[in-house]
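J.: One structure follows; several queries about it will come next.
The values are calculated or read from the model by the stated rules, or taken from the named source; none is laboratory data. Quick caveat, the model's predicted, so the values are computed rather than measured. Cβ coordinates were reconstructed from backbone atoms using ideal geometry, including for glycine residues, and neighbour counts include every protein chain displayed. For accessibility, only protein heavy atoms count, side chains too; no ligands or nucleic acids. Shrake-Rupley method; radii C 1.70, N 1.55, O 1.52, S 1.80 Å.
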Amino acid sequence: MIAETVCSAVAAAGLGIAVVTAYRKRYLTATRIAAYALVPLGLVMTGVVEWLADTAFSPVAWAGFGVLGLSWLMFATTRTVERRRGGTRKERKAAREAAAPAATSPALGQSARTQSPAPRQKPAAQGDDDFSDIEAILKKHGI
């Protein structure tokens, strides 16, 4: 009851200010002020203010907001974990299935015995490349 009275008073005061502004020939600003002043009155007339007042003092409503917050937290957590793992469950499964047959099965027309192993690089050559990259980075930073 008090909230409806306050909203009606705010609307009346806003409309009064709009009339004074229009008297000063600032019609665009007066129209905007009148629009803002009518918002609380519209909220009272639609029952939103009464609903908010009932919700603010209802323990069941606050418990409902807590459940909604918990639900949002769970969605956010699962989304974060999914991003860190690299995609959805279906995407990870498809990636594993695509990689597994190529790695375990021999090429068509060749047996496992006749396949020649891939030529190996010398470990020292790989190490030199790694150190040259590191040296370039250190030189870039002046170290």
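J.: Tally the residues that are open to solvent by 90 Å² or more (accessible area, probe 1.4 Å) and of a type in the set (S, T, N, Q), restricting the search to the stretch 32-69.
T.: Final tally of qualifying residues: 1.
J.: Give me the pairs, please: first residue somewhere in the stretch 47-61 and more than 13 Å from Cys7 (Cα to Cα), second residue anywhere and of a type outside the set (Lys, Arg) and open to solvent by 90 Å² or more (accessible area, probe 1.4 Å), beta-carbon distance under 8 Å, and either six or more positions apart or on two chains.
T.: That search, which allows pairs on different chains as well, returns Ala61/Asp54.
J.: Can you name every residue in the stretch 20-31 that is surrounded by fewer than 13 Cβ atoms within 10 Å (Cβ to Cβ) and either hydrophobic (A, V, I, L, M, F, W, C) or not in a helix (DSSP H, G or I) (or both)?
T.: Within the stretch 20-31, Val20, Arg24, Lys25, Leu28 qualify.
J.: Right, another one. With touching an Asp or Glu at 6+ places or on another chain (Cβ under 8 Å) and part of a helix (DSSP H, G or I) as the only criterion, which of Val44, Val39, Val67, Val60 stands out?
T.: Matching residue, one of Val44, Val39, Val67, Val60: Val44.
J.: Hey, can you tell me all the residues within the stretch 70-94 that are more than 15 Å from the chain's Cα centre (by Cα), open to solvent by 60 Å² or more (accessible area, probe 1.4 Å) and polar (S, T, N, Q)?
T.: Within the stretch 70-94, no residue meets the criteria.
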